[in-house]
Every structure is written in structure tokens, then in C-alpha cells.
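Let me give you the structure first, and then I'll get to my questions.
The values are calculated or read from the model by the stated rules, or taken from the named source; none is laboratory data. All figures in this text were calculated on a predicted structure; none of them were measured in a lab. Cβ placement follows ideal geometry from the backbone for every residue including glycine, while neighbour counts extend to all protein chains displayed.
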Amino acid sequence: MNTELLRSIGNMSQLAEIRRATLSEGTGKGLETAQFRNAAGLAFTVIPGRCMDIYDLSYRGINLSFLSKAGLTHTFSPMNGEFSNQWAGGALVTCGLDNVGGHCTAGGETFPTHGRIGATPASSFGTESFWDGGEYILRASGEMHQASLFGRNLTLRRRIETTLYGKTVKVRDEIINSAAEAEPYMLLYHCNFGYPLLRHDSIFAHSPAELTVLSPLSGDPGKMSHPIDGREEELYLWRAKGERSCGILYNLSLGLGVAVSADTAALPNFLEWKRMKSGDYVLAIEPCNTCGMDRKTAAENGVLPVIPPFSSVIAGVEITVLDGESEINGALRQLG
């Protein structure tokens, strides 16, 4: 531990803490939260009732995340057409494990848009803050179960952490198949960024990847615009070429950027969701093990990932704030 630092303070909460609270009103009434903040000015909120996803994300008081008009909701309906009414947005929304993409039916089973895991409450959820040698760690952990009678038995075991002076949020997941049969699984980390980081002069850059346009509307994937009334979405699939993928949204006039990175062994692709519509103004970077297809289409095309019986896979993402032109340019150079 840092004894000189400890001589200067009465409580570590002067510099960093995880504060537990429960929402008391509105559509999210009853949802528990774990609010992280550290000495670097990084702040974010983990929602254990929603797959331990990350809702708001800010740095030195500047918002980085996109939050949808629906806001946080406590309820979940898998019915077709309900997704947009209960999708809160946020810096990290987990999609899967049964489906990624649009609502579909396969093998007599219904799979809601982006699956059920993102609305699954955590069990064994806990937070801790502790010294590990000279580093002070702030951590949340828990697990989400997605299982059914006569069907799948999957567990997503998650750990989220940052450090005292860190500007990175690390999300590490283990997806466990506890059944005696191989089980398909789809996984996408929907990392959503909005104003003021996202503006007309913001730029999206990425590590080497092969592009496939998935939407009827397309343009320059790297250039943003002012909000446009009625603007349709743009969706791009990037197939990473290296051992690690990275997407960066940055704004030099603001002097801030955000990098989302992942290992391609577990997440070989990433989607870019670019929505310049007024009121739904968002740029999402989405590392994934899918190809922009729903479960039914992926199975028909032979690209549906599978976990063997009694096995697990490791996945995760890192979200890093880039502060100032020097850090932004340094991260851009590392893209290759």
C-alpha cells in the first residue's frame, strides 16, 4: 500500500470508492447500482440487475456514454417489438447468450432481439476495494445464469475493475457451459458513446480490419455529422486482422477519446453502429463473436459459435479514456 498517501487522508473515499445505492422511483425503481469513482476523475455505474452492465460513464465530469430515451427499466419482455421500449443504452450493454441481432425463431424457440442475458440479474454480486501491493483496486464481481428446462445451462461469470488513478475499465467474462451437450452461444459487447464526446467533428478509427457494409445506408464510417432529423442507421462489420482489435472514438477539439479493445481469439469481429439521428445520436463499438446475423441466420450459414460440454471460454473488453491530444495520437499510432 501507499503509506505516504494514507498519511494524507482520513478515508480512501476521499479519492476513490464504490458506492452502493438503489433507485427509488421511475421505470428503474428497485434497481441496485454500484457507482465507481476514482482519483483520475473516472466515474461509471454498474447495474447488477441488468447483467452487471455499465450505464453512465464520465471522465472529469464530462459524459462519454449514450443513454437512450427509454432510460433504465426494471422489467424485461422478450416479445417482438418490445426491445426499443426497454433498451437503456449505456457504456456497455451485453448481448447474447442465446441471440445477437434481431428477433427470430429457430427450432421452435423464440429468441428476442440481442438475447436475454442483458436483462438477467446477477447472483453472488459483490464489490470490494483493496490494496494489491502498490495498486489500489476497485472491483465488482458476480455471475448471470441463462438456463432452461431440457435446454441450455450457461453461466456468465463477470469481473469489472479499475484502479485508483486508472483510466481503463476492464471487463473480464468467463462463459461456462455446465451441460452435457455442446451449446451455441453468441456474445456482443455493445459499447455506446454519445454527446459531447460524439459531435460532428468526432472521428472513429480502428485497428486493421476487413469491412462489410450491413445496412442499406452507408457513408464514411470514420466521419460523424451533426444530428439529422429522421436519419437512418449505418451498420458496419469489421473482421479484425490481428490478435487484438481496437476501435477509437475521439474529438480533438474536446481533447478526449475512448478506446474499446478486445482479444480476437474470443471476439474476432466488431460492429460499428453509427446512428446520427436527432435524439438517437450514438456511435457504438461492438466487439463480438458474431457476423451481424441473428441466431437463425448464423446457424443456417454455419457460423454459430459453440461451447463444448462442461467447458468454458474467456472473453472481455477494455474501455480506456484518452485524455488530451498526446494520448489520442499515441493510441492512434498503436492501431497499426
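For segment 18-39, indicate whether the set of residues that are among the hydroxyl-bearing types (Ser, Thr, Tyr) and touching an Asp or Glu at 6+ places or on another chain (Cβ under 8 Å) is non-empty. Write out each step before concluding.
In the first step, residues of segment 18-39 are kept if they are among the hydroxyl-bearing types (Ser, Thr, Tyr); the result is 22, 24, 27, 33.
From the residues that got through so far, the ones that are touching an Asp or Glu at 6+ places or on another chain (Cβ under 8 Å) too are 22.
Yes, the conditions are met somewhere in segment 18-39.
Checking the condition in contact (Cβ under 8 Å) with a residue 40 or more places away in the chain, loosely packed, with under 15 Cβ neighbours inside 10 Å and closer than 30 Å to residue 120 by Cβ, which residue from 30, 49 passes?
From the options 30, 49, the qualifying one is 30.
Give the residue that is nearest to residue 55 (Cα to Cα), with candidates limited to residues of segment 194-236 that are touching a residue at least 40 places away in the same chain (Cβ under 8 Å) and in contact with a Pro (Cβ under 8 Å, 6 or more places away or on another chain).
Among those residues, the one meeting the criterion is 204.
Scanning for something modelled with pLDDT of 95 or more, farther than 27 Å from residue 271 by Cβ and surrounded by fewer than 19 Cβ atoms within 10 Å (Cβ to Cβ), does segment 89-112 turn up at least one residue?
No: zero hits.
Now a separate question. Of everything in segment 277-330, what is of a type in the set (A, V, I, L, M, F, W, C) and either free of Cβ contacts under 8 Å to residues at least 24 places away in the same chain or exposed (fewer than 15 other Cβ atoms within 10 Å of the Cβ) (or both)? Give them in sequence order. Talk me through it step by step, then tell me what you get.
Quick first cut of segment 277-330, residues of a type in the set (A, V, I, L, M, F, W, C) only: 282-285, 288, 291, 293, 298-299, 303-304, 306-307, 310, 313-315, 317, 319, 321-322, 328.
Once the filter is applied, which keeps residues that are of a type in the set (A, V, I, L, M, F, W, C) and either free of Cβ contacts under 8 Å to residues at least 24 places away in the same chain or exposed (fewer than 15 other Cβ atoms within 10 Å of the Cβ) (or both), segment 277-330 yields 303, 306, 310, 314.
Exactly one condition in (1) assigned to a loop (DSSP other than H, G, I, E, B); (2) surrounded by fewer than 18 Cβ atoms within 10 Å (Cβ to Cβ) is not met by residue 166; state its number.
With (1) assigned to a loop (DSSP other than H, G, I, E, B); (2) surrounded by fewer than 18 Cβ atoms within 10 Å (Cβ to Cβ) applied to residue 166, the lone miss is (2).
On the given criteria, is residue 267 more than 18 Å from residue 313 (Cβ to Cβ) and hydrophobic (A, V, I, L, M, F, W, C)?
No.
Quick one: residue 4 ticks every box in (1) assigned to a loop (DSSP other than H, G, I, E, B); (2) surrounded by fewer than 13 Cβ atoms within 10 Å (Cβ to Cβ) bar one, so which box is it?
(1)
Among the residues of segment 279-336, how many are among the β-branched types (Val, Ile, Thr), more than 23 Å from residue 195 (Cα to Cα) and not in a strand (DSSP E or B)?
3
Same structure again: Counting only residues that are out of contact with any helix residue (DSSP H, G or I) (no Cβ under 8 Å at 6 or more places or on another chain) and of a type in the set (Gly, Ala, Ser), give me the strands (runs of 3 or more DSSP E) lying completely in segment 82-148 with at least 3 of them.
In segment 82-148, the matching strands (runs of 3 or more DSSP E) lie at 123-132.
This table checks each residue for (1) among the charged types (D, E, K, R); (2) exposed (fewer than 13 other Cβ atoms within 10 Å of the Cβ); (3) in contact with an Asp or Glu (Cβ under 8 Å, 6 or more places away or on another chain).
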residue: 176; (1), (2), (3): no, no, no
residue: 193; (1), (2), (3): no, no, no
residue: 200; (1), (2), (3): no, yes, no
residue: 204; (1), (2), (3): no, no, yes
residue: 217; (1), (2), (3): no, yes, yes
residue: 247; (1), (2), (3): no, no, yes
